[in-house]
1. Obtain the nm distance between the two label points defined at Val33 and Ala68 by a simple spin-label model: each point lies 7 Å from its Cα along the Cα-to-C-beta direction.
2. Please report, as a whole percent, how much of the solvent-accessible surface of the range 16-64 comes from carbon and sulfur atoms (probe radius 1.4 Å).
3. For Tyr46 and Lys9, compute 0.36 nm times the residue count separating them, minus their Cα-Cα distance, and round to one decimal in nm.
4. Given H placed 1.01 Å from N in the peptide plane, which residues other than close sequence neighbours of Gly29 have an amide H under 5 Å from its amide H?
5. I'd like the accessible area for Ile13, computed on protein heavy atoms only with a 1.4 Å probe and all protein chains in place. Round to 10 Å², please.
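The values are calculated or read from the model by the stated rules, or taken from the named source; none is laboratory data. Here the structure is a predicted model, which is why all the values come from computation and not from measurement. Cβ coordinates were reconstructed from backbone atoms using ideal geometry, including for glycine residues, and neighbour counts include every protein chain displayed. In case anyone asks, the SASA skips ligands and DNA or RNA and just uses the protein heavy atoms, side chains included. Shrake-Rupley method; radii C 1.70, N 1.55, O 1.52, S 1.80 Å.
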Amino acid sequence: MAAALKEWKNKIITVVTCDGRIIIGELAGHDQVQNLILKEAHERVYSADEAVEQVPLGLYVIRGDNVAVVGEPKEGDHVWDDTLQTDPLPP
């Protein structure tokens, strides 16, 4: 995993945590146990009843044992769209 993270340094990534949170930000750094440091991070909170909410987090550290999935968003996927509605991910 460390090799893939090295390629994504200074790029926008999406992280799904073990408790179902979706956090997007620029990968500023990582270590051998997959602790992640994101710059200009924000959390997307999805709801079936309301439009998606974006919560700004700023500089954010995610512990490696709380990382479930790390991926590079497809082109334009990191752009804010407040019209989406869906059920949140279960923890």
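1. So the label points at Val33 and Ala68 sit 2.2 nm apart.
2. 50
3. Separation in residues times 0.36 nm, less the Cα-Cα distance, equals 10.7 nm.
4. HN-HN under 5 Å from Gly29: Ile37.
5. 0
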